[in-house]
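**Q** Starting off with a structure, shown below.
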Amino acid sequence: DLEQAMSVWGDALTTNEPMQNEMRLRRHDGAYRWYLVQGTPVRGPNGAVLRWVTVNVDIDDRKRSEAHDRYLAETTAKLVSPIGSTDMLSQIALLAVPILADACAIGLFDGTRQTARIETAVADETQRADIQKVHLRAWRAAPSSTETIGDAITRGAAVFVPDFSRNWIHECAPDAAQRDAALAIQARSVLC
């Protein structure tokens, strides 16, 4: 968001008028969050700007909620539109990125060991190849489980991995190729 932020700030410095902008800033832990940045000039007796006072308000929860609501509205519109089921699923994957996820892969299960991949949507194209290599259906659902993610899905259960860490990957990956592809993605969480 640097280019837009510098443009808004530059305009404020030129006009000496208050500014407001929504942008992502990186926290101390490296995570980016949305902030409302407001700046107000402090003027001296002659009206000249002596300094600026800025306030950054964390609005990340609100932005995520808005994105979630927008995704639900757009997805609902797709679900009731007269398009084929695979086209609809493809559109839903494309809507999920980047609003709800950095990647979304949708596949169809037909009772066999194969999954027909419908769509893989990614926010970062450099990760597409690694994401397409990961077939979570064969992974163990949890380090302590003998059930695979595919088994869980077949019985109608969701699998949520809130901490898709190196340890979890090493414990649950079915083989070295799957492990290496998952490590390359550097995902933080997974939902199947």
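**Q** What strands (runs of 3 or more DSSP E), lying completely within segment 28-110, carry at least 2 residues that are under 20 Å from the mean Cα position of the chain (by Cα) and either surrounded by 12 or more Cβ atoms within 10 Å (Cβ to Cβ) or at pLDDT below 90 (or both)? I'd like the intermediate steps shown before the answer.
**A** Values: elements: 32-43, 49-58, 103-109.
So the answer is 32-43, 103-109.
**Q** Could you grab me the full set of residues in segment 5-26 that are closer than 20 Å to ILE99 by Cα and either of a type in the set (D, E, K, R) or open to solvent by 50 Å² or more (accessible area, probe 1.4 Å) (or both)?
**A** Selection gives GLU22, ARG24, LEU25, ARG26.
The values are calculated or read from the model by the stated rules, or taken from the named source; none is laboratory data. In this text, all values refer to a predicted model and were calculated from it rather than measured experimentally. As a convention, Cβ positions derive from the backbone with ideal geometry for all residues, glycine included, and neighbour counts pool all protein chains shown. What goes into the accessible areas is simple: the full protein's heavy atoms, side chains included, and nothing from ligands, DNA or RNA. Shrake-Rupley method; radii C 1.70, N 1.55, O 1.52, S 1.80 Å.
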